[in-house]
Amino acid sequence: MEKFKFIAEYELRASPKVLFPYISTASGLSQWFASKVNIRPDHIYDFFWDNESHLARQVSMRQNKSVRFEFLNGSDMQSEHNYIDFRVDVSELTQSTFLRITDYSTNADADELKSLWNGLIDKLKEIVGS
């Protein structure tokens with residue numbers, strides 16, 4: 001199935017140190033990104049949306065900079081090659097913090113993805129006081 005890469009960038013009024021736990025920890029992600037997030041003993045993240053489990057492996061993390069979750073096929077735990085990448089950047093000119101999201105999946109409806117991410121980021125902004 002064809003994959004689609006959706007990229008969006010949002011300005012947040014929060015320092016990278018404040019923002020990073022919300023994009024990299026199960027407790028932080030469960031506050032805005034998924035209805036529930038658990039970490040299994042094998043270090044696999046279990047994201048719940050609409051009462052469905054979606055397993056992902058954290059494949060990279062740079063403290064206060066970026067984190068990437070690669071989603072897994074539930075039956076054989078192989079990568080589906082779908083991922084979500086969160087990257088925190090600070091503008092040297094304005095000192096503003098930006099969160100860049102890359103959503104690589106089979107959902108090719110850019111308008112739907114934009115609406116979905118705008119809603120999620122609105123929740124995150126409320127939490128971090130942005």
Cross-link partners of Lys3 among lysines (Cα-Cα below 28 Å; sequence separation of 8 or more within a chain) = Lys36, Lys65, Lys114, Lys123
If you take the C-alpha gyration tensor of the chain, multiply each eigenvalue by 5 and take the square root, what semi-axes do you get, largest first, in whole Å?
-> 24, 17, 14
Please give the residues of segment 116-130, grouped as numeric ranges, whose backbone N is less than 17 Å from a label point set 7 Å along the Cα-to-Cβ vector of Glu52.
-> 116-117
Here the relative contact order (percent) of the chain, from C-alpha pairs under 8 Å and at least 6 apart, is 30
Taking 0.36 nm per residue of separation between Ile7 and Leu120 and subtracting their Cα-Cα distance, the length gained on full extension comes to 39.3 nm
Extension gain from Asp42 to His81, taking 0.36 nm per residue of separation minus the Cα-Cα distance | 12.1 nm
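Only the coordinates and a few stated rules stand behind these numbers; no lab work does. Everything numeric here is computed off the predicted structure, so don't read it as measured data. Counting neighbours? That spans all protein chains shown, and the Cβs are built from the backbone with ideal geometry, glycine included.
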